[in-house]
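The values are calculated or read from the model by the stated rules, or taken from the named source; none is laboratory data. These numbers were taken from a predicted model, which means no experiment stands behind them. Because the Cβ atoms are built from the backbone with ideal geometry, glycine has one as well, and the counts that use them run over all protein chains shown.
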């Protein structure tokens with residue numbers, strides 16, 4: 001099997017197949033990279049495909065920060081049916097003829113779900129309630145409610161639509177959409193809420209994540225491709241793509257590498273929203289830092 005010449009230490013951008021959980025992909029990558037030290041930045045539902053960012057070895061320490069970034073999806077929403085999971089994997093719980101739904105009303109509904117909104121996550125999700133996953137409570141028949149939480153849908157665009165028949169004979173309206181949103185946004189919940197607002201119900205029938213932060217499908221590889229040739233994005237390259245860059249001198253590099261809080265130039269701290277990446281004069285990625293009181297606090301040191 002071919003291996004990366006520099007060794008498996010960085011990010012791996014996977015094009016996740018349908019039917020795999022994110023944990024399944026991590027397990028596969030542990031075998032491919034021959035290390036237990038593999039994690040992922042943000043889960044994808046088993047039905048979904050597309051970009052799943054994995055960290056191998058030292059890069060696992062970047063994942064918690066990458067998980068907070070913006071994401072982009074291509075999806076198909078079916079109006080006229082609701083399901084227990086808000087997607088096609090769940091049992092249909094209601095059917096209403098959606099053949100007469102007007103596109104103007106659809107666009108108005110999409111507009112109402114765009115911007116800074118309060119979203120109630122799907123009950124069949126991995127959110128914990130008093131230490132127990134929401135999907136476990138739902139499967140055990142518990143009666144509970146999830147609180148709404150703030151999310152940002154920066155773009156929600158309708159590209160195409162089709163009137164068709166569902167398996168039970170219901171006339172449904174399928175919508176092909178693209179969504180750009182903040183971390184923690186449930187595309188299933190957008191489908192559910194759009195259908196509810198239009199009075200016909202809705203759920204998700206297809207979902208493909210096309211981007212996580214700066215990492216897109218162009219950089220992604222399928223599991224068979226990675227099995228044949230493991231492609232790892234070096235930590236320095238990954239950090240430079242995802243975070244604002246701060247180039248330090250040799251003395252600053254030495255201090256940062258030892259966890260010393262050094263002063264951050266105003267031009268750097270003012271331009272960075274959240275963490276930024278510190279690089280040594282020789283191009284080495286030193287640390288992921290954030291400015292606190294004008295000084296750099298190391299979130300993770302990589303030197």
Hits in segment 97-116 - residues which are touching a helix residue (DSSP H, G or I) at 6+ places or on another chain (Cβ under 9 Å) and touching a residue at least 24 places away in the same chain (Cβ under 8 Å) | 98, 105, 106, 109, 110, 112, 113
Of all residues in segment 231-247, which are crowded, with 17+ Cβ neighbours inside 10 Å, under 18 Å from the mean Cα position of the chain (by Cα) and in a helix (DSSP H, G or I)?
-> 238, 239, 242
Filter segment 81-136 down to the residues that are at pLDDT below 95 and part of a helix (DSSP H, G or I), then identify the one that is farthest from residue 160 (Cα to Cα).
-> 136
Before we move on, is residue 180 in contact (Cβ under 8 Å) with a residue 24 or more places away in the chain, under 17 Å from the mean Cα position of the chain (by Cα), crowded, with 20+ Cβ neighbours inside 10 Å and under 21 Å from residue 14 (Cβ atoms)?
-> no
Quick check: is even one residue across segment 197-218 touching a residue at least 12 places away in the same chain (Cβ under 8 Å), in a helix (DSSP H, G or I) and within 30 Å of residue 171 (Cα to Cα)?
-> yes
Scanning segment 190-230 residue by residue, the ones that are surrounded by fewer than 16 Cβ atoms within 10 Å (Cβ to Cβ) and either under 23 Å from residue 155 (Cα atoms) or in the same structural domain as residue 158 (by TED's automatic domain parsing) (or both) total 5
